[in-house]
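See structure below.
The values are calculated or read from the model by the stated rules, or taken from the named source; none is laboratory data. No experiment lies behind these values; they were computed from the predicted model shown. Reconstructed Cβ throughout: ideal geometry from the backbone, glycine too, with neighbour counts over all protein chains shown.
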Amino acid sequence: MKPYHVDTLKHIALRGGLKDFVSMSSRELGTALGVSQQSASQRILELQDDGLIQRDLGSRKQRVKIAAKGLEALQREYADYIRIFEPRDRMTITGRATSGLGEGAFYMRQRGYKDQFRKKLGYEPYEGTLNLKVAGSELSKLMILLGEKGLPIDGFEAAGRTFGGAKVFRAKVKGVECAVILPIRTHHTDVLEVISKDFLRGKLGIGEGDPVALDIEL
């Protein structure tokens, strides 16, 4: 994504384009951004081709709306400014407990991960993860977390299979020690995976869909 795409997305968002389609001619956009009508029109086409906006030409006037990919780009930009102007050593992210696909238990059983968790966190995690689905304004906090360094977990090979690296962040949930684990090579996600030496759902009585607040060290 080119740097000027963010400026264009920001202007569309300020016009209400995050929630719905907004009418916006290329001339209006060009005037607002200080570029020619031709350049503004080209920006719109580039954003559409990259899947950052949706465009509706059904009415007499062009209407545009920011797509999910465009929202993610703006959230990353916002997260960068938070890190610049509001440095912090911890944050609280709230998500809702959701069932996973059972993959967490498989990875938590791998000795290559277990040994590193014990060394970095001081314990071997329970063989499973607590998954928290993050939504709304909490997604911006997740973007901040994705940009932080964390404690590195190296990738390794075992039984002819490659296991990727990750980073972990110490955390607490309702006073219980835990950690957030983020794979290094991951697509955008709205789910946080939480590990602990305890079975968190059982220990804390967490049910499906319950809100859970994580206090995370950065």
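Of all residues in segment 1-29, those that are farther than 16 Å from Arg60 by Cα have Cβ atoms under 6 Å from Cβ atoms of residues that are surrounded by fewer than 17 Cβ atoms within 10 Å (Cβ to Cβ), 6 or more apart or on another chain, in Val6/Glu77; His11/Ala32.
Mind telling me which of the residues Arg83, Arg118 ends up being within 24 Å of the chain's Cα centre (by Cα), farther than 27 Å from Asp20 by Cα, part of a helix (DSSP H, G or I) and not polar (S, T, N, Q)? Quick ask: steps written out before the conclusion?
Values: Arg118 fails: within 24 Å of the chain's Cα centre (by Cα).
Sole residue among the options that is within 24 Å of the chain's Cα centre (by Cα), farther than 27 Å from Asp20 by Cα, part of a helix (DSSP H, G or I) and not polar (S, T, N, Q): Arg83.
Filter segment 122-149 down to the residues that are over 12 Å from Asp190 (Cα atoms) and either modelled with pLDDT of 95 or more or not in a helix (DSSP H, G or I) (or both) and list them by number. Those that are over 12 Å from Asp190 (Cα atoms) and either modelled with pLDDT of 95 or more or not in a helix (DSSP H, G or I) (or both): Gly122, Tyr123, Glu124, Pro125, Tyr126, Glu127, Gly128, Thr129, Leu130, Glu148, Lys149. Residues in segment 113-167 that are of a type in the set (Gly, Ala, Ser) and farther than 28 Å from Lys69 by Cα: Gly122, Gly128, Gly155, Ala158, Ala159, Gly160. The residues listed here are Ala79, Ala32, Ala13, Ala40; of these, the one that is closer than 30 Å to Val194 by Cβ and either buried (at least 16 other Cβ atoms within 10 Å of the Cβ) or hydrophobic (A, V, I, L, M, F, W, C) (or both) is Ala79. Against the numbered list (1) free of Cβ contacts under 8 Å to residues at least 60 places away in the same chain; (2) part of a loop (DSSP other than H, G, I, E, B); (3) not polar (S, T, N, Q), Gly207 comes up short only at (1).
Please find, within segment 156-183, the residue that is farthest from Phe106 (Cα to Cα) out of those that are without any contact (Cβ under 8 Å) to a residue 24 or more places away in the chain and not in a strand (DSSP E or B). Filtering first and then ranking leaves Gly175.
With respect to the stated conditions, Val176 fails to be among the aliphatic types (A, V, I, L, M) and closer than 22 Å to Ile144 by Cβ. Selection of segment 102-115 for residues being surrounded by 15 or more Cβ atoms within 10 Å (Cβ to Cβ) and assigned to a loop (DSSP other than H, G, I, E, B) yields only Gln110. All of Leu182, Leu200 fail the test of being out of contact with any His (no Cβ under 6 Å at 6 or more places or on another chain) and either β-branched (Val, Ile, Thr) or crowded, with 21+ Cβ neighbours inside 10 Å (or both), apart from Leu200.
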